[in-house]
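These notes are about the structure you will find just below.
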Amino acid sequence: MIFVNYKTYEEGSGQKAVTLTKVLEEVARESQIKIIPVVQVIDAETIIASTTLEVWVQHVDPLSYGAHTGWTLPEEVARIGISGVFLNHSEHKFDNFDALYTACEKAIASNLKTLVFAGSLDELTKVSELGTTYVAYEPPELIGSTTTSVTQAQPEIISKAADIARSKGLPLVVGAGVHSMADVKKSLELGAVGVAVATDIVKSEDPRRELMDLVEGFK
């Protein structure tokens with residue numbers, strides 16, 4: 001599987017997000033590889049209405065209904081038809097583990113799938129106790145790189161991450177600088193079930209070509 005994080009890139013916002021999602025859907029249909037757009041909350045309902053793909057959002061908060069101006073509720077994300085959520089991404093980390101635990105618990109209670117990120121093996125061990133759907137290993141220093149991927153820089157760490165995830169019965173996703181068929185293939189060989197990408201697809205002049213390259217790594 002491939003998670004495509006639209007972040008708040010201009011190329012992944014508004015009508016451009018809808019257009020990009022159509023490209024993801026075409027490639028998913030042709031390749032039979034599961035591709036999941038991970039979108040901004042503000043675009044979520046529009047994108048859900050435009051695609052048959054499973055749509056995720058990039059964050060929810062550890063709160064329920066009440067006086068919480070500017071926060072994102074798991075219950076409302078689920079209500080509009082979102083299937084899952086990223087939690088603890090390095091660009092939107094929780095201040096403490098208790099907050100992450102509560103957000104994950106509330107997301108699961110709202111029937112949302114969850115992918116919880118970790119930037120180190122110690123953190124991965126800890127988040128693997130949360131009962132999440134997936135865990136992700138993504139070293140922060142490589143996020144956004146267009147030249148060096150996690151599979152190139154830290155293959156031995158990915159193997160250890162896969163062992164940790166496997167010991168908890170969890171599927172591992174890897175990310176940070178993933179930008180080629182070789183990166184995907186190596187990730188799978190090392191024990192991951194999929195990859196998380198952003199820059200390589202969302203900011204590409206030809207997202208379809210880049211996606212078609214990535215899906216070749218699953219063959």
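Under a model in which nothing but the beta-carbon of Lys, Arg (+1) and Asp, Glu (-1) is charged, the chain shows a dipole of about 440 debye around its Cα centre.
Could you list, in their original order, any pairs among LYS7/LYS168; LYS160/LYS219; LYS22/LYS203; LYS22/LYS106; LYS106/LYS168; LYS34/LYS160 whose Cα atoms are separated by more than 27 Å? Over 27 Å Cα-Cα: LYS7/LYS168; LYS22/LYS106. Here is the list for region 1-81: chymotrypsin sites (Phe, Trp or Tyr not before Pro) lying in DSSP coil, each with at most 15 other C-beta atoms within 10 angstrom of its C-beta, are TYR65, TRP71.
Run lengths n ≥ 4 of DSSP H only: what is the helix-derived mean residue ellipticity at 222 nm for the chain, with -39500 (n - 2.57) per run over all residues, to the nearest 500?
Rounded to the nearest 500, the figure is -12500 deg cm²/dmol.
About its Cα centre, region 59-133 has a charge dipole of approximately 240 debye under the convention of +1 per Lys or Arg Cβ and -1 per Asp or Glu Cβ, with nothing else charged.
Read-outs: derived from the displayed coordinates by stated rules, not from any lab. What you see is a predicted model, and the numbers here were worked out from it, not measured in a lab. A quick note on method: Cβ atoms are made from the backbone with ideal geometry, for glycine too, and the neighbour counts reach across all protein chains shown.
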